[in-house]
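A.B. asks: Here's a structure for you.
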Amino acid sequence: MTDPQRVHRSGFLTFVGRPNVGKSTLMNAMVGQKVAITSPKPQTTRRAIRGIVTRPDGQLVIVDTPGLHRPRTLLGERLNDVVASTLSDVDVIGFCVPAGEPIGPGDRFIHRQLLETPRAKRIALVTKTDSASRDQVAQQLMAVSELGDWATVIPVSGLHGVQLDVLADEALALMPEGPDLYPQDAVTDETLEQRIAELIREAALEGAREELPHSLAVTVDDVEEQEGVTRIFANVWVERDSQRIIMIGRKGARLRDVGTAARAEIEPLVGTKVYLALHVKVAKEWQRDPKQLGRLGF
């Protein structure tokens, strides 16, 4: 039974930090299912992805953003623009720093950016505590506390679910009073096609080398269910013919591996067996071409 005296809060929380500090893993763990893909490769997250956590006392809309970095391409500039736009709109910002890595120039640069967003309340999160010693975690908590004026500083592990309830409690307490912003059973506002495209890209990133991760993009042409099988037709885009050869692999072996890995993730999402047709196409220098970026959804 709902307590009529309990204050109901709702609002937007975003995690920011350098690439690969655990932002997407943290969001997925809080939501309870994979909403954002994860990979050790740079630029894994390429747009603002929302995950929704609904509790009796409120609703958190978590916005996962690309990692802030010094851009080298037009795509990189647009990814930073996504972060800046998100920071100006959210209620609470969670600044993420891994427990096992010293605070560096990139972290300080991001912290300075946060000072330019006076609207949002700021918390600090020491992430990946599962891969650091107790001494490292303690030292990082102290270093992060000294870096800025935070509403709270919390050590967390998205991979092992450590302190996520504490994070949700603290973030929700900082949100404004208000009703749920999304239906109670919603976990994201991503479309099915967007989630499928991201799962394919996640599979394609596995084992990708050198410049290839930056050059990969995925679009979905069609999704249709026939006789208990979901048929998906999608394109994997690269920037050069040489990358296309690498992506397909010897006698198509690499592309088959990508398809197998992607199907394993997509089938639980759609609830049926999946037929996945992948084609590798070249869009020359698409990261630097405004028209190509538009066609690929950026």
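A.B. asks: Going by Cα centres, the stretch 217-255 and the stretch 135-194 are how many Å apart?
C.D. replies: 35 Å
A.B. asks: With equal scatterers on the alpha carbons only and no solvent term, can you work out the Debye log10 of I(q)/I(0) for the stretch 1-153 at 0.15, 0.21 1/Å?
C.D. replies: For the stretch 1-153 at q = 0.15, 0.21 Å⁻¹, log10 I(q)/I(0) is -0.79, -1.44.
A.B. asks: Still on this structure, I have one more. Could you order peptides 254-260, 181-187, 91-97 by the average number of other Cβ atoms within 10 Å of their residues, highest first?
C.D. replies: Peptide ranking by packing, descending: 91-97, 254-260, 181-187.
A.B. asks: Hey, got a sec? Which trypsin sites (Lys or Arg not before Pro) in the stretch 1-96 land in a DSSP loop and have at most 15 other Cβ atoms within 10 Å?
C.D. replies: Numbers: sites: Arg6, Arg9, Lys23, Lys34, Arg46, Arg47, Arg50, Arg72, Arg78; in loops: Arg6, Lys34, Arg46, Arg47, Arg72.
Taking the stretch 1-96 and a limit of 15 other Cβ atoms within 10 Å, the loop trypsin sites (Lys or Arg not before Pro) found are Arg6, Arg72.
A.B. asks: Label points 7 Å out from Cα along the Cβ direction at Arg112 and Lys251: separation in nm?
C.D. replies: In this crude label model, Arg112 to Lys251 measures out at 5.5 nm.
A.B. asks: Using a 7 Å offset from the Cα along the Cα-to-Cβ direction at both Asp81 and Ser145, what is the distance between the two label points in nm, to one decimal?
C.D. replies: It works out to 4.1 nm between the two label points.
A.B. asks: Still on this structure, please answer the following. Can you find, among Gly76, Gln163, Gly17, the residue farthest towards the positive end of the dipole of the stretch 9-173? Put +1 on the C-beta of Lys and Arg, -1 on that of Asp and Glu.
C.D. replies: So the residue furthest toward the plus end is Gly76.
A.B. asks: So in the chain, what percent of DSSP beta bridges are antiparallel if you round to the nearest 5?
C.D. replies: 40 percent
A.B. asks: Count the net charge of all other residues whose Cβ sits under 15 Å from the Cβ of Ala151, scoring Lys and Arg as +1 and Asp and Glu as -1. Intermediate values should be presented prior to the final figure.
C.D. replies: On the way: positive: Arg9, Arg119, Lys121, Arg122; negative: Asp91, Asp149, Asp169, Glu170.
Spelling it out: positives minus negatives among the neighbours equals 0.
A.B. asks: With runs of 4+ DSSP H residues as the only contributors, calculate the mean residue ellipticity of the chain at 222 nm using -39,500 (n - 2.57) per run, divided by the residue total and rounded to the nearest 500. The partial results should precede the final answer.
C.D. replies: Numbers: 10 runs with 109 residues, N = 298.
Computed mean residue ellipticity for the chain: -11000 deg cm²/dmol.
A.B. asks: Continuing with the same structure: Counting DSSP beta bridges in the stretch 192-295, what percent are antiparallel, to the nearest 5?
C.D. replies: 45 percent
A.B. asks: Related question: Could you list Thr219, Thr129 in order of exposure, starting from the residue whose Cβ has the fewest other Cβ atoms within 10 Å?
C.D. replies: On the way: Thr219 18, Thr129 26.
Exposure proxy ranking, most exposed first: Thr219, Thr129.
A.B. asks: Write down the Å³ per residue value for the convex hull defined by the alpha carbon atoms of the stretch 192-295.
C.D. replies: Considering the Cα atoms of the stretch 192-295, their hull volume per residue is 88 Å³.
A.B. asks: Sequence gap of 8 or more, or different chains, plus Cα separation below 23 Å: how many lysine pairs satisfy both in the chain?
C.D. replies: Qualifying lysine pairs in the chain: 11.
A.B. asks: What GluC sites (Glu not before Pro) does the stretch 226-277 have in DSSP loop regions with at most 16 other beta carbons within 10 Å? List each step's numbers first, then the result.
C.D. replies: Details: sites: Glu227, Glu239, Glu265; in loops: Glu227, Glu239.
Those that pass, being in a loop and sparsely packed, are Glu227.
A.B. asks: With angles folded into 0 to 90 degrees, how steeply does helix 164-173 sit against the dominant principal axis of the chain? Use alpha carbons for both and round to 10.
C.D. replies: Roughly 60 degrees, rounded to the nearest 10.
A.B. asks: Have a look at the chain and give its Rg and Dmax from the Cα atoms, expressed in angstrom.
C.D. replies: 20.0, 66
Coordinate-derived values only; no laboratory data. Remember, it's a predicted structure, so these values are computed and weren't measured experimentally. We place every Cβ from the backbone using ideal geometry, glycine too, and count neighbours over all the protein chains shown.
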